[in-house]
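Enquirer: Got a structure here, written out as structure tokens. Questions coming.
Please treat every number below as a calculation from the coordinates, not as lab data. All of these numbers come straight from a predicted model, not from anything done at the bench. Here Cβ is always computed from backbone atoms with ideal geometry, including for glycine, and neighbour counts include all displayed protein chains.
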Amino acid sequence: GAGVSQSPRYKVAKRGQDVALRCDPISGHVSLFWYQQALGQGPEFLTYFQNEAQLDKSGLPSDRFFAERPEGSVSTLKIQRTQQEDSAVYLCASSFRDTPGETQYFGPGTRLLVL
Amino acid sequence: GNSVTQMEGPVTLSEEAFLTINCTYTATGYPSLFWYVQYPGEGLQLLLKATKADDKGSNKGFEATYRKETTSFHLEKGSVQVSDSAVYFCALSDRYSSASKIIFGSGTRLSIRP
């Protein structure tokens, strides 16, 4: 079946603008994760959903970042009043369930550039 | 807290050379260990994993053994190809965290010369 998809693939925003990034996980996957990958670095955890419940948002860098998954499938990561330091690739991943060692499948990412 | 340290790149090798990328970890529990790979222009994909001590993960000629005594998970390949050029990330997930979020190392860029 289809993998994880994300849209848009690229987004250029002016500082102060709000953006919304979409993630379509693999059908039937319970767990959904968002990561932020700065240039030349490894991805860093932002937040986690189990179905529609946001169980961990400890990685969100500020209250300008907000994520939702209202029907337990598609998820949206919203960044309000974007800042230059928000420029990064935002990765979404899903897994069939949340058990130790479960493989997470990553989407291609959304590259956000804040000018 | 949990963390992963991997050798800095870039690493440049000739085709058919032996590859080792070192990775060590710090974890409070009993983590699962992963190697992810990011090919140019592509998304992050799982290369191999090991979920308990002494397990060996393998895929596409790559291998890594979960060594609890040395807290290491070094990636090896006996004969690299140009197509192996990519960024490699060592990572862990801790079963005792609230969710199986993955903690990544900073990545090692590998370039293979023909």
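Enquirer: If the label point is 7 Å along Cα→Cβ of B:E16, which residues in the range B:46-65 have backbone nitrogen under 20 Å from it?
Expert: Counting only backbone N, you get B:61-62.
Enquirer: Still on this structure, I have one more. Round to the nearest 0.05 the FRET efficiency obtained for A:Q41 and A:S62 when R0 = 25 Å and r is the Cβ-Cβ distance.
Expert: Given R0 = 25 Å and the Cβ-Cβ separation, E is 0.85.
Enquirer: Something else now. What's the longest piece of chain A with no exposed GluC sites (Glu not before Pro), counting a site as exposed if DSSP puts it in a loop and it has at most 14 other beta carbons within 10 Å?
Expert: With a cap of 14 other Cβ atoms within 10 Å, the longest stretch comes to A:1-51.
Enquirer: So how much slack lies between B:Y30 and B:R113, counting 0.36 nm per residue of separation and subtracting their Cα-Cα distance, in nm?
Expert: Computed gain between B:Y30 and B:R113 is 26.1 nm.
Enquirer: Would you mind getting me the FRET efficiency between B:S85 and A:A53? Use the beta-carbon distance for r and R0 = 30 Å, nearest 0.05.
Expert: 0.15
Enquirer: Sort all Cα-Cα distances of chain B into consecutive 10 angstrom bins from zero, then give the percent of pairs in each bin up to the one containing the longest distance.
Expert: Distribution as computed: 15, 49, 28, 7, 0 percent.
Enquirer: How far apart, in nm, are the 7 Å Cα→Cβ label points at A:Q80 and A:Q17?
Expert: Here the answer is 1.9 nm between the modelled labels.
Enquirer: Once every Cα of chain A carries one equal point scatterer and solvent is ignored, give the base-10 log of I(q)/I(0) from the Debye formula at q = 0.14 Å⁻¹, two decimals.
Expert: -0.51
Enquirer: Then there's this: Convex hull over the Cα atoms of the protein assembly as shown, averaged projected area in nm²? The partial results should precede the final answer.
Expert: Working: hull surface 49.2 nm².
Mean shadow area of the hull around the Cα atoms is 12.3 nm².
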